[in-house]
Amino acid sequence: MNNSVGNTGRVLWAGLRALLVLTVVCGVLYPLAVTGAAQLAFPGKANGSEVEDASGRVVGSALIGQTYLSGGEPDLKWFQPRPSRGLGTNSVNGQYKLVLSGATNRSGDNQDLITWVTEAKAAVVRDNSVNGWTVKPSDVPADAVTSSGSGLDPHISPEYARIQVHRVAALNKLDVAAVEKLVADHTEGRVLGFMGEPRVNVLRLNTALKALVAQG
């Protein structure tokens, strides 16, 4: 009887020691080591790819799209991201809120999808046609009228950014060439030269636009 109790005690003590050791190693030392290595090697990415404005204030993450609204409608002074409402309506994520994300998952012949695309294209043409610059429906790229699979895409195509240049320049009283250069400077190429497509991060672009406007 005493041997049985003693053996049980030794097994429990061994299990407790293993639990304590593994808790320290896996729950404390390993996370600290990984966090420390990430902070040393990739501090920006480790901290969420934060984007700062000219004053050093964090204005968002380069990984998450944002809307630019005024009175509930797109604020056309800014470059606009991919749709997150209308065509981008997914019933749970209408304003890039970090609750749920997802796509509309409509088929190509779905009447709602066709209506959304048609209305979105007409809005892009209307909003971006300014005095001396007219956008043709054939110039509107797909990402201007469709949401991404997550609904949170922070990027737009260079083509969509360039369509918006004249509108942004006119509303901010900037030279078109200066805004075109801003887009060119913020156009990222394919990853490793062959993966993905060229893209423009809307948050970084608008942060640079705000600095440009402040310069007068």
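Only the coordinates and a few stated rules stand behind these numbers; no lab work does. Bear in mind that the values here come from a model prediction, so they are computed numbers and not experimental data. All Cβ positions, glycine included, derive from the backbone under ideal geometry; neighbour counts span all protein chains shown.
Numerical summary
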| read-out | value |
| --- | --- |
| Protection-proxy order for peptides 165-178, 22-35, 194-207, each taking the mean of Cβ atoms within 10 Å per residue, highest first | 194-207, 165-178, 22-35 |
| For the chain, calculated [θ]222 nm from helices alone, where every DSSP H run of n ≥ 4 adds -39500 (n - 2.57) | -14000 deg cm²/dmol |
| Cβ-based net charge around Lys173, under 15 Å, with every Lys or Arg adding one and every Asp or Glu removing one | +2 |
| FRET efficiency, 1/(1 + (r/R0)^6) with R0 41 Å, evaluated for Arg57 and Ala14 via beta carbons | 0.15 |
| Correct option for mean projected area of the Cα convex hull in nm² [calculated from the coordinates] among (i) 19.8; (ii) 11.1; (iii) 11.8 | (i) |
| Order by protection proxy (mean Cβ within 10 Å, highest first), peptides 148-160, 69-81, 8-20 | 148-160, 69-81, 8-20 |
